[in-house]
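Quick note: the coordinates plus some simple rules give every number you see, no bench work behind them. Predicted model, so just to flag it, every value in this text is computed and none were measured. As a convention, Cβ positions derive from the backbone with ideal geometry for all residues, glycine included, and neighbour counts pool all protein chains shown.
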């Protein structure tokens, strides 16, 4: 009478790798602590080397996890962790999303290394927390049961609360952490209540059962789904659940803001995609009104508020809300085209947003963020390379042709038009025009403004260089040649094909 | 060489950008090695060489162009985003052939003429001009609507930086203002794309934004049926906005903003005031033609019934532009703003030529785009040379230049004549054909246009009197130096094609004509059902016969 042999550990391979990595980082940190500099003149290794060892370990584990997920995507098919009671699955969607998540976590680690040293908060827990959170995200994207979703969500969020408050000496960091914790807790409660209602209605929590029995004419189904969407919407900061985002992004260490804004959105949108495809309806007919409403609100509020920001992190936070609006247009459209567009948009968003935050990180001075927009004035004269890179990311965010942002937006709008949602697409175009104003303001300041008093950091670390290179090359490569396969591992498939394959499995007849 | 020959058009389009990128990469490499980077003089030389090479290839294109064919030639087609119907699709016919030639010709000339500006501006400046050239060329060569949109939107970026960084003191504001109005135009074009996409998806179940399909049975834009304006057909909702009328309205607004036609002209005037000379010259010479080209290539063929519906309104708007531009120009004190307004008047005239829907008007417009491009650029460059010497371009500050700068004055007079369309200059052929075409359709409109032309004439003569002759307004003018060798060379290069076209337009007209007639046929087919509205407006004879009748060809 053994349950264990029937478990397919392959299905949670990437998750296990990420969590194992987190534990290794913690152990390594503890083990190496006694070599740390305590004022003794003779020491075998420097602090920097210890930190590097920790970061390298984290990145190695994340890379292997990403690679494994990539291989799993290539193999295809769905593997359930426990076939008798499916809760976690490794299918193309999960594999693809895990690849993205692990890779963006890897980039976040690379980014954090020197930034934490600059801020003077360099401790190994950072990477352990980040990896546990990534593990939660990986759990989320492979969850096919409400319970697993909730567990994944909590594992994702709890380390994030700690990460936001990682800069313990700084008041804003603490304040953001408390704010995020309270609001995040509220979101979890709403979500849990929605799940309880759904359970009360159907009597089961698995997606398969819910998909069969959910009926939106019954009030319990409707209320439960609504609360579920509200809870998840709070996590991704869609309007009207968005107020926390700018404050938290502003106060958190910039590397954490970068990781949060990318990872959480990717993971939660994967949950929403799976929820739409496997439970609600793959064509996306029902709930279309809800998504339309949320999309329109997020687009309008996000882009109009971003216009009046004077700090770059707040501006990126509000523009992130607008990006959520675009993603929700894709959900509203539904169908293979809509869901594919959502996934591709997530990739574009990951590259662009991580890149933009990386520029902010790479300019941070000792003990202080390079945050106010005014300080970017005249940057092209002092740091021409950084100014050019930032311009690239801003243009990609605005959806200028030649960058990945253009193709992502185009795919979203084409999907909307395909489903005859033209007003939504037109609204998206209009907010794109508005977004041109606030995105172009940054390059305009950098190239045309007078040099500001505040001096940026003049050296760039190898980790930051790596992130900027990867994101910049990605933005251009996927923007100019989106239809080329670049990784020999997956044959001739391009990114767009990846995105399509990861949803087509479910939707195709 | 064969590789270049096989992809001639792509080479022409991407050579400038490629050279710019290589230069930047080289610069980064050099500075990372601790060296000083590329010397400034070399940057300008690089821009000159790259754009001249592109021009040389374009000349080869014109020579190899088969004037008897009505098809698109030098076609290159590659799948880019097949699921979304976006392909890399370029080709040349008689309509965009001359525009490509004009653009590739003007860029090296402009670089040479503004050598001092280029020298101050360094690598970024050269890169901006080269990438701008690629964007405009790409726009002219595109046969895929989304690709056209992409180049069209990208073209405003280098301009934004050129004006903002190297422009006048408050160039940043003008640049932002221009970028916003360009963005508005892009948004409208984007809406038109969405409209077409929704129709296409309904009819074929997939998207394809190619203008024409290369294989039979394709689903390209011209195969898509856009409903005529009838809104209350059976089975349709009472209000159907996916009709030709709406489609054309959106297109027309987008292109009218880009040309710009009358209510939208202020942004361009501001931009011109702040722009550095090279940018100002290229905007007047080349960019504004993208709007007219958009009308010819996309708006009218895709929604001819809508075009017919709006024709009277657009003709009135164009006439207001023709006359108004001339009138407003009279009250200006800044030479460059004057020239911009005159140019706007002439752009309106070209738009008028397009909306005559006959061969004379259209070929006149196409030819006039070339001629006007040459003379407008030359005048802006001359004013730029004056500004370089006097640091002002005000009419009231100049006067009595004739005694100090005889060569400058001769050139200025010559170019004004060419712009006015004096016989034997390129302006004459184009203007004459436009007026002839207009007269065939709306004699009254032709009379009004003629009035506008006469106004410009009178004004320009007065301008010559005030700027070139008259009293010396300022003592600073006494120390002015005449054009140097480089500037004389520029003027010499520019004058050749103008005289050439004016004296012997036949080779160009011969290349334009088949495409123009084919265009008229396409428009006729697509507006089936409404074609009886235009009965009696068409004439089968081409522009060349018209020129012969008028004795325009010596």
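Worth a mention:
- Average projected area [Cα convex hull, region A:12-134], square nanometres: 8.2 nm²
- Dimensions (Å) - the protein assembly as shown, Cα atoms, principal axes, largest first: 105, 81, 52
- Sorted fewest first by neighbouring Cβ atoms within 10 angstrom, A:70, A:471 come out as A:70, A:471.
- Helix B:115-141 axis, angle to chain B major axis (alpha carbon atoms, nearest 10°): 20 degrees
- Partner chain coverage, peptide A:401-414 - average Cβ within 10 angstrom: 4
- Rg/Rh for chain A, where both radii come from Cα atoms and Rh is the Kirkwood radius: 0.96
- All-pairs alpha carbon distance profile, region B:364-510, 10 Å steps from 0, percent: 11, 37, 31, 16, 5, 0
- Förster-model FRET efficiency, 60 Å R0, residue A:290 and residue B:410, C-beta, rounded to 0.05: 0.25
- All C-alpha pair distances within region B:244-323, sorted into 10 Å bins from zero, spread as 19, 47, 26, 8, 0 percent across the bins.
- Scattering curve values for region A:301-394, log₁₀ I(q)/I(0), Debye with Cα scatterers, q = 0.12 Å⁻¹: -0.46
- Proxy reagent accessibility, fewest Cβ within 10 Å first, across A:390, A:419: A:419, A:390
- Its residues counted as N, region B:7-103 yields a C-alpha radius of gyration over 2.2 N^0.38 Å of 1.39.
- Region A:281-509: Rg to Rh, with Rh as the Kirkwood radius over Cα pairs: 1.01
- Taking every residue in A:259-265 and counting other chain Cβ atoms within 10 Å of its Cβ, the average works out to 0.
- Size descriptors for region A:180-240, from the alpha-carbon set: Rg then Dmax equal 12.1, 36 Å.
- Shielding of peptide B:198-204 by partners, expressed as the average count of other chain Cβ atoms within 10 Å per residue Cβ, is 3.
- Base-10 log of normalised Debye intensity for region A:122-223 (one unit scatterer per alpha-carbon) at q = 0.19, 0.25 Å⁻¹: -0.92, -1.24
- Quarter of Cα convex hull surface for region B:77-159, i.e. mean projection, nm²: 6.0 nm²
- The long axis of helix B:359-390 is offset from the longest Cα principal axis of chain B by roughly 20 degrees.
- Size-normalised alpha-carbon gyration radius of chain B, reference 2.2 N^0.38 Å: 0.95
- Normalised by the number of residues in chain A, the mean separation of alpha-carbon contacts (under 8 Å, six or more apart) gives a relative contact order of 14 percent.
- In region A:354-395, Rg over Rh equals 0.93, where Rg is the alpha-carbon radius of gyration and Rh the Kirkwood radius from pairwise Cα distances.
- Rounded tilt (10° steps) of B:506-526 against the dominant C-alpha axis of chain B: 30 degrees
- Expected-Rg normalisation [2.2 N^0.38 Å, Cα atoms] applied to region B:312-353: 1.13
- For a modelled paramagnetic label at residue B:75, 7 Å from Cα along Cα-to-Cβ, the residues of region B:189-215 in reach, with backbone nitrogen under 20 Å, are B:207-215.
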